[in-house]
Amino acid sequence: MPIDDNGELDDQGSSPMKKGKSIGDVCEEEELYPTSYEFVDEDSSGTPALNEEEEEDKAHKTLDLEDEEARKNIFYRTKDECFDFYKRYAHKKGFGVRIDGEHIRKIKNSKGVVEKNYAYLYYFCNKEGWTSTSKVNMDNQIQSEDKVEERMVCKRKRPRVRDGCPARVRFGWDAAREGFVVYEFVEARSHGLHSTEHMHLHKSNKCMSDAQKKMAQANRDAGMSLSASYQLLADCAGGYQNLRFTKSDQKNHLNTKRQRTMARGEATYLLDYFEDQKDKHPGFFYAVEVDSEEKVANIFWVDSRMREDYALFGDSVSFDTTFRTNKYFCPLGMFVGFNHHRQTCVFGACLMYDETTPSFEWLFVAFSRCMKNKLSITIFTDQDAAMAAALRNEWPTVFHALCTWHILMNAKKHLRKDKAFWKKFQHHISFIFYDVDSEEEFDMAWSTMVSDCFPNSDIADGHQWLERLKKFRHRWCSLWLRDQFTAGMLTTQASESCNAQVRLFLKPRHDLDLFFIHFSSLLADKRRKETESEYNAKQSIPYIMLENSPILQHAAKIFTPNIFERIQKQYLVAESYIIKKLSDNRDDGMIGYLIYMMEDGERSDERVVLVDIYTTTLVCECRMFRTLGVLCRHMIKVMWLLGDFGEVSMRSIPDHYILKRWTLEARGREVVDVDGSVGPSAPNENDAGKGIAMRYRETTAMLNQLAMNMSMADEKDYNKWMGVLKKVCNEANKALSKTITSEDRRSVLITGLTLKEKSNPRSHGKERYQSTNEKERRRKKREYRKRMKSIEVVTPDDTAHSDGHLSDLDDNIAQWL
């Protein structure tokens, strides 16, 4: 009978655990099970060996419960040993066990402290008892006459497990021996028994070790599927039979961990995540826009590396919001560009819950404020009307171009989709994108495309879209973009590469937790590739096809391999060109040259290059250098001529034609402080003005190495140096706390809410096509937004709005050139 708190028998005593609970259900309840159970080995018979807190009398383990005399000698000091013993017995017989009840009494020790003591321990076969009929009945049933409204709807008909098996054992506390002995044992069973190969599937035998939990979590964070992760865990354990959990158990563990992470809601998780990043990475910036109902509308964030990349390579930017990468159907927007190796790098990211003109205006203001109002020369976007209006309002000095990759994607939506048509259309539109040299040639090529691709006037469905595309030709055709610096983004390479990488790391099923984990992996992968490219570029010299060329030798030393290959290609093509002098004005120092190529007896690619012999300045009609920042074949031809036979020495590339962003030392010539400001050079180790981020990285690296060494030291050395470390840290913290104010500790300030007025129903804009699936996703997105709240965060010196935009485009270009 159960015993009450005073140590007396209590007929109405209750168990601290619900009857019928299995060890799998309570293995993490520390107050009931201070010691975890885990199979770590198997003997020759296949019986799992259990971890034990202290050495046991091996004779006890060999005793047979079925022998009445032997049961009298069974004695254990803890409940864990009792449960281990019955589990071992059940494993040998072929059935699983379940903890049915533990009756506790509380007594005071010699110091007057109340301690728990177990009076009785009940362990049953896992098939003991009967399953409630309400859980197996196929029809709805009223659970109680008093509560008619409570009904059990069986959405999933589960098979019945329990069948009233009477097998059980009861241990009782023997005060004289101060341990547990067997009070009752029932051997009879009402069911068949399992073979040894099935025993690890019983709940009482299941256990996922801490190492396996961490490995499963790491596999998920790395983007590995559940099946692949489970197979990897099985391989590490030596086979599926050695795993003490199933794939469903692994899934449940990951889901439980994720639910705990998101327990306080998405908005709170966002704020906690951003604050954590701010503490770890000085220079981290984030802003959250809320609507008039204080619901999250849009989220924007950048880290210090993004700000540094933008300061160096942000002269041409692509902004894309077509990534559907999370379960809430809100698009991920990214500001991306090319680094000095022509690899895509990320300048900033946002989650756009509300794609309207005011939202985009808020985003562009936040971005420019974060980047100290240093605007790009050119920005590439898709054909979103709301975004275009926001750019006109907030960044009027930035040239707005349309990404050719998005144009091709939209063409697939609006025009015919058969392969024959698409092959012809791509051929014509690619020529119009990149190769037309005059407006008359553009009109002729456009008419040819229409007549060839739509011979029977079947353009009706896509006519409006094509006409609108032609209307905005100055935003996507290379003929009108030759005066704008684009860093080569006019091609589809940047968008295609970025879209492929996003699809690889981010999936629509991801919630916020997984989204930020995988987004961090995406950034880490991009930065890893840049590090490898940087190493390879400085470790070796590119192959020079014409080793006697001083121009190529010079280019190989200063430019990154990707840019050098482009220059070398232009140089090799220039050899087949013909050059003629047109004029020679000695008064103003200008010389004109005509450069062309002969093909089938006719001139082609005919260009005029003007040279200022006093300033060694060259101007070419093709304007490739102004657009890409790389010398064209026509300028190289003139430089080759002047270097060998002319009056001006051009045996190397003039400094004003070496764009810093394409050189090997692009990152070494200027560094970015944590607040986004640009310095003239990288500080050395003794520079007192070293940035916070650099000091933080150096301190962390040093302490990490110290922690590694101390963890591997013996106990004596560990205690010795730990004492020294604590003393030094206390003294340093005490001294530094007097010189660091509370304002210095905060890299961002909470200045209040940025509220936006209620606007029209959200949409992509009138000019964006919406499918039925997208409309349904947007409906779900609006429902989700009703649950989100947060605040806007800005840096201390960003509390004021921008003083204004740059006066004209030339001043904007001057920031970068």
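The values are calculated or read from the model by the stated rules, or taken from the named source; none is laboratory data. As the structure is a computational prediction, the values presented were derived from the model and not from experiment. Positions of Cβ are backbone-derived with ideal geometry, glycine not excepted, and every protein chain shown enters the neighbour counts.
Within the group G337, G333, which residue is within 25 Å of the chain's Cα centre (by Cα), over 24 Å from R473 (Cα atoms) and surrounded by 22 or more Cβ atoms within 10 Å (Cβ to Cβ)?
Step by step, each of G337, G333 is checked, and only G333 is within 25 Å of the chain's Cα centre (by Cα), over 24 Å from R473 (Cα atoms) and surrounded by 22 or more Cβ atoms within 10 Å (Cβ to Cβ).
Restricting to segment 558-580, name every residue that is closer than 17 Å to L659 by Cα and over 36 Å from the mean Cα position of the chain (by Cα).
Residues satisfying the conditions are Q568, Q570.
May I ask you to say which residue of I578, I567, I551 is surrounded by fewer than 18 Cβ atoms within 10 Å (Cβ to Cβ), modelled with pLDDT of 90 or more and at negative phi?
On inspection, the qualifying residue turns out to be I578.
Being outside any helix (DSSP H, G or I) and surrounded by 15 or more Cβ atoms within 10 Å (Cβ to Cβ) is the filter here; which residues of segment 223-245 pass it?
G223, M224, L243, R244, F245
Would you mind finding the one in L490, L402, L469, L479 that is more than 30 Å from W362 (Cβ to Cβ), surrounded by 13 or more Cβ atoms within 10 Å (Cβ to Cβ) and not hydroxyl-bearing (S, T, Y)?
From the options L490, L402, L469, L479, the qualifying one is L479.
I'm trying to understand the selection: among the residues of segment 337-359, which are closer than 22 Å to L490 by Cβ and either among the small types (G, A, S) or part of a loop (DSSP other than H, G, I, E, B) (or both)?
G337, N339, H340, H341, R342, Q343, G348
Table: residues versus (1) under 28 Å from G94 (Cα atoms); (2) modelled with pLDDT under 75; (3) touching a strand residue (DSSP E or B) at 6+ places or on another chain (Cβ under 7 Å); (4) surrounded by 16 or more Cβ atoms within 10 Å (Cβ to Cβ).
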| position | (1), (2), (3), (4) |
| --- | --- |
| D139 | no, yes, no, no |
| K147 | no, yes, no, no |
| P166 | yes, no, yes, no |
| V169 | yes, no, yes, yes |
| F180 | yes, no, yes, yes |
| F185 | yes, no, yes, yes |
| S190 | yes, no, no, no |
| L193 | yes, no, no, no |
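Among the candidates R468, R482, single out the residue that is within 30 Å of H340 (Cα to Cα) and either in contact with a Leu (Cβ under 9 Å, 6 or more places away or on another chain) or modelled with pLDDT of 85 or more (or both).
Only one candidate passes the filter, namely R482.
So, in segment 712-729, exactly how many residues are among the acidic types (D, E) and part of a helix (DSSP H, G or I)?
2
Just for segment 582-615: of the residues that are over 18 Å from C632 (Cβ atoms) and either surrounded by 16 or more Cβ atoms within 10 Å (Cβ to Cβ) or in contact (Cβ under 8 Å) with a residue 40 or more places away in the chain (or both), which one is nearest to the chain's Cα centre (by Cα)?
I613
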